[in-house]
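For reference, the structure is listed below as structure tokens.
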Amino acid sequence: VDVAGLAADSSGNIYFLDANGDFDTNLNAGGLPSNGDYGNAFMKVSTSSNQLAVADYFEIDNETSENGSDTDLGSGGTIVLPDLSDGSGHTLHLAVGAGKDSNLYVVNRDSMGKFSSNNNNVYQELAGALPGGVWAMPAYFNNTIYYGSVGSPIQAFTITNAKLSTGATSQTANSFGYPGTTPSVSANGTSNGIVWAVENTSLAVLHAYNATNLNELYNSNQASNGRDQFGAGNKFVTPMIANGKVFVGTTTGVAVFGLLP
């Protein structure tokens, strides 16, 4: 299962991206794999009556080749979006996920698409939008999705009428080596948004960007005499923001960033 935590909606359904494994292309009348094998799928699991059960799924049409080459979705996490309007009075319930194949997938949580060997029956797919693949999960703020794929800048994809922009509308000036980065957002409601991200280098770097245009506001290498540096990098570090401070896991402890007294 993915390197990020599970996502859930207000009805208690759980969403995640599945890693390598068999996918049974022999489907039953409901479009579900007859033997219950869901390798390399975007999953929805219900918790109704305190029982876990597959409620829906989306499977890529080339799952056999991607599974065989270890190009699975399970390297990435998923995010459940707030309710969105398509501009015609329809409310959409969407979720976003991506893995190693560099594609960004948006599913309709009410009808995820299941499997067809001829095409991807998915709400929206941005092919090749995330070069290097994803070993992280996105962040969301103000109708914008932020993704940090491997060897690439953090990219912002804006949402209009319940669709993501077909390409990045802004991106950071610097890129993030393996495993990319999972950004976090701090804000005052819908104002003063800041995107925080850790760069996994030999000397790790905490970056802060303006959420509107991804221009850098601060990084932990700027202060003189290494004041804000916090040691070697580490995989899958996600900044956590609470009570006006930013907490970053290190190889030996936790670094805490905030305003100087």
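The values are calculated or read from the model by the stated rules, or taken from the named source; none is laboratory data. Only a predicted model underlies this, so the values are computations on that prediction, with no experimental measurement involved. Cβ atoms come from the backbone with ideal geometry, glycine included; neighbour counts cover every protein chain shown. Please note that ligands, DNA and RNA were not included when accessible areas were found on the heavy atoms of the full protein model with its side chains. Shrake-Rupley method; radii C 1.70, N 1.55, O 1.52, S 1.80 Å.
Structure data summary
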{"quantity": "Solvent exposure of the chain as accessible area per residue, Å², 1.4 Å probe", "calculated": "45 Å²"}
{"quantity": "Within the accessible area of the chain (1.4 Å probe), percent carbon and sulfur", "calculated": "47 percent"}
{"quantity": "Alpha-carbon spread of the stretch 143-261, three principal axes, descending order, Å", "calculated": "46, 31, 22"}
{"quantity": "Calculated over the stretch 181-250: convex hull of Cα atoms, volume per residue (Å³)", "calculated": "89 Å³"}
{"quantity": "Cross-link partners of LYS235 among lysines (Cα-Cα below 22 Å; sequence separation of 8 or more within a chain)", "calculated": "LYS100, LYS245"}
{"quantity": "For the chain, calculated [θ]222 nm from helices alone, where every DSSP H run of n ≥ 4 adds -39500 (n - 2.57)", "calculated": "-500 deg cm²/dmol"}
{"quantity": "Simple label model, 7 Å out from Cα along Cβ direction - THR251 to ASN62, nm", "calculated": "3.7 nm"}
{"quantity": "In nm, spacing of pseudo-spin labels at ASN210 and ASP83 (7 Å Cα→C-beta vector)", "calculated": "3.4 nm"}
{"quantity": "Placed amide H near LEU94: partners under 5 Å, 5+ positions off or other chain", "calculated": "LEU81, LEU84, ARG109"}
{"quantity": "The stretch 21-76 and the stretch 163-203: distance between their alpha carbon centers, rounded to Å", "calculated": "29 Å"}
{"quantity": "Two-decimal ratio, the stretch 7-47, of alpha-carbon radius of gyration to 2.2 N^0.38 Å", "calculated": "1.26"}
{"quantity": "Highest-first arrangement of 95-104, 175-184, 214-223, where packing means the average Cβ count within 10 Å", "calculated": "95-104, 175-184, 214-223"}
{"quantity": "Residues of type lysines that LYS44 reaches as a straight line, Cα spacing below 19 Å, ignoring anything fewer than 8 places off in the same chain", "calculated": "LYS114"}
{"quantity": "Using θ = phi - 60° and Karplus 6.51 cos²θ - 1.76 cosθ + 1.60, couplings along the stretch 160-176 (whole Hz; Gly, Pro as x)", "calculated": "10, 6, 6, 10, 6, 4, 6, x, 5, 8, 7, 7, 6, 6, 9, 10, 10"}
{"quantity": "Burial ranking of peptide ranges 225-236, 190-201 (average Cβ count within 10 Å, highest at the top)", "calculated": "190-201, 225-236"}
{"quantity": "Distribution of pairwise C-alpha distances over the chain, 5 Å bins, in %", "calculated": "1, 6, 13, 17, 18, 15, 12, 8, 5, 3, 1, 0, 0, 0"}
{"quantity": "Sequence-distant aspartates and glutamates (8 or more away, or on other chains) whose Cα lies within less than 16 Å of LYS163", "calculated": "ASP83, ASP86, ASP110, GLU125"}
{"quantity": "Whole-Hz couplings from phi, Karplus 6.51/-1.76/1.60, listed for the stretch 16-27; x for Gly and Pro", "calculated": "7, 9, 8, 8, 3, x, 4, 10, 7, 6, 7, 9"}
{"quantity": "Table column - 3J(HN,Hα) (Hz), the stretch 34-50, Karplus curve with 6.51, -1.76, 1.60, x for Gly and Pro", "calculated": "4, 9, x, 9, 10, x, 6, 10, 8, 9, 10, 10, 7, 10, 4, 6, 6"}
{"quantity": "Label-point separation in nm, PHE236 to ASN221, each point 7 Å along Cα→Cβ", "calculated": "2.6 nm"}
{"quantity": "Equivalent-ellipsoid semi-axes of the stretch 66-163, from the Cα gyration tensor, Å, largest first", "calculated": "22, 18, 10"}
